[in-house]
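Trainee: Input: one structure, supplied below.
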Amino acid sequence: MSETPASAAKGVVKGVAEEVASGAGGARALRVALLTVCVAPETAEQLAAAAAQMPWALEPLEFDQYISEQLRPHMTPAATNAQAALAIVDFDRDPQQALTTTAYLRRLFLGRITLVALGRRTDADFLMRAMRSGCNEFLDQPLAPAKFQETLDRLAEQWAVAAAQSDKWARILSFFGAMGGVGTTTVALQLAVALVGIHGRKVLLIDNHRDLGHICLYLGMDGTEYNFDELIRNVSRLDAELLRGFIATHASGLDVLSSPDLHDNRRSVDGEALRQTLQSLRSRYDYILIDCETSLSASNLAAMGCSDRIYLVATPVIGAVRNLSRYVDCLAKQSGTAEKLHVVVNRFSSQEAVGIEHIEKAIRLPVEIKICNNYFECSQAANLGEPVSPTGKSEYSRQFAQWAGTLTGASLEKPAKPAKRRFAWFR
C-alpha cells in the first residue's frame, strides 16, 4: 500500500497547521486527519489546500489504493490518534471496494470520522449503499470547491459544538518498567489516586498486562468478572452501556479496567483494536493511565502510540539502568515516540551507588521525576489492598501530589507548600 501525499498541498498544510497549533493564547487546535483514497492527485491537492485553511492541526494522508482488512495501509501516529478524521473516498474507480474502504475506516476511527463519497453517480441505489457503509456527505466530480467549503464549514461548526459540550479529551499516560520489580504498577496506581483524590479528575486506570496484573489486587478489588482484553475484543459494539459492565470503580472514585485473571498462552491482543478502544474511551475521562507489562509487544506499542506521555520507570540499580538505556534506544526509533519519553527513577536515595548523573549519561535523557524509597509502606499498602493516602504527610505522598499537580496545572496556581520549599525530585 503506497502513501503519496500531494507535495504542494502538503507544504501548504504544514505551514498553516503549525501556525494554527501555536496560535494566540496557546490554545490547542483540534487535531484532524484528512484522508483521500483513490482521489486524482490534482483533486487531492485542492481538498488538502482547502482543509488547510480551517482552524485545525491537520495531518493529510493520500492513498492511491483502496483499504480493507486485508490491505491495511500504514498510518502515522498523528493520524491514528487524531481527535477527528475526514475521509474523501472516490467511488467511481471501483464502487464495491470504495464501500469496503468506508466500512473499514468507520471501524478504525470509531465515532471520530466523517466519510465523504466522491463520484459522478447520483442514483438512489448508489446513495443508499454509500450511506449504509457510513458516508454522510457526498461530493460530485468534477469537484466544486464552493460545495466542499460548505462541508468544511459545517464540520467545523459541528466539531466546535461537540468540543464545547464535552470540553475534554483525555490525556493518555502509559507506564513502562525497565524490568520487573521496579514498582511500575505502584507508581501508576499512586499517580491515578492522586489525580482523583486531590484534584477531583475523572480517571481510568488500565491494567495492560496480558494476564495476572496486580492493579485490582493492590486496590483490594475483584477484577475477575470482566477485563480490558475482553473489552478490546468487543470494541465493534462498544457503547456507554457495554462499558459500564466492564468498569470497576474503587471507593476513591477511580475507574479500573483489570487484566485477565487466568493465564492463557494462546491469548493475543490486536493492536489496532486496542487503539480503537482507547480512542473511544478518551471522550469519557480526563486522564487514562495504562500500566504496561515489560515487553515491546504489539499491545504495549499500540498503547504507547496512543499516549501523550510515556513514563519509563526504573530503580537506581545497574540492571534496571542497563535495561532502561536499551529501551530508550529502541523506543526512540519508533515514529512519533521519542518526544513522549519521560524517565522516572523510583525508590531513589541520595546514597545510591548509581547516581542520577550516571543514569542520565547512560540513557542520554534527563531524569524528570525521582520518587523516594518508600518500600515498606508500599508493600504494606499492597498487602492490605489500599493505596498510600494521596493526602498523607509523608515525603512519598507529597511527591505524587506534586506530580499530579504538575499534570493538571494546579501546582502552578496554588502551590501545596510555601514558595521557599524546593521539590528536589523534579528536574
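The values are calculated or read from the model by the stated rules, or taken from the named source; none is laboratory data. Model, not experiment: these values are computed from the prediction. For neighbour counting, all protein chains shown are included, and Cβ atoms are generated from backbone atoms with ideal geometry for every residue, glycine included.
Trainee: So, in segment 390-411, of the ones that are in contact (Cβ under 8 Å) with a residue 24 or more places away in the chain, farther than 17 Å from residue 347 by Cα and among the hydroxyl-bearing types (Ser, Thr, Tyr), which residue ends up surrounded by the most Cβ atoms within 10 Å (Cβ to Cβ)?
Mentor: 408
Trainee: Would you confirm, using the coordinates I've provided, whether residue 105 is in a strand (DSSP E or B) and either without any contact (Cβ under 8 Å) to a residue 24 or more places away in the chain or hydrophobic (A, V, I, L, M, F, W, C) (or both)?
Mentor: no
Trainee: Of all residues in segment 350-400, count the ones that are assigned to a loop (DSSP other than H, G, I, E, B) and closer than 27 Å to residue 318 by Cα.
Mentor: Number of matching residues: 11.
Trainee: Under 6 Å between Cβ atoms, which residue pairs at least 6 apart in sequence (or on different chains) link something in segment 272-287 that is polar (S, T, N, Q) with a partner that is part of a helix (DSSP H, G or I) and surrounded by fewer than 22 Cβ atoms within 10 Å (Cβ to Cβ)?
Mentor: 276/235; 277/235; 283/166
Trainee: Which residue is modelled with the highest pLDDT, if the candidates are limited to segment 126-180 and must be hydroxyl-bearing (Ser, Thr, Tyr), farther than 30 Å from residue 326 by Cβ and surrounded by 12 or more Cβ atoms within 10 Å (Cβ to Cβ)?
Mentor: 151
Quick grid of which residues meet (1) among the β-branched types (Val, Ile, Thr); (2) outside the structural domain of residue 246 (by TED's automatic domain parsing); (3) part of a loop (DSSP other than H, G, I, E, B); (4) in contact with a strand residue (DSSP E or B) (Cβ under 7 Å, 6 or more places away or on another chain):
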{"position": "260", "(1), (2), (3), (4)": "no, no, yes, no"}
{"position": "265", "(1), (2), (3), (4)": "no, no, yes, no"}
{"position": "280", "(1), (2), (3), (4)": "no, no, no, no"}
{"position": "291", "(1), (2), (3), (4)": "no, no, no, yes"}
{"position": "302", "(1), (2), (3), (4)": "no, no, no, no"}
{"position": "313", "(1), (2), (3), (4)": "yes, no, no, yes"}
{"position": "321", "(1), (2), (3), (4)": "yes, no, no, yes"}
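Trainee: Could you please let me know if residue 212 is surrounded by fewer than 15 Cβ atoms within 10 Å (Cβ to Cβ), in contact (Cβ under 8 Å) with a residue 12 or more places away in the chain, of a type outside the set (D, E, K, R) and assigned by TED's automatic domain parsing to the domain that holds residue 373?
Mentor: Yes; evaluated as a whole, the condition is true for this residue.
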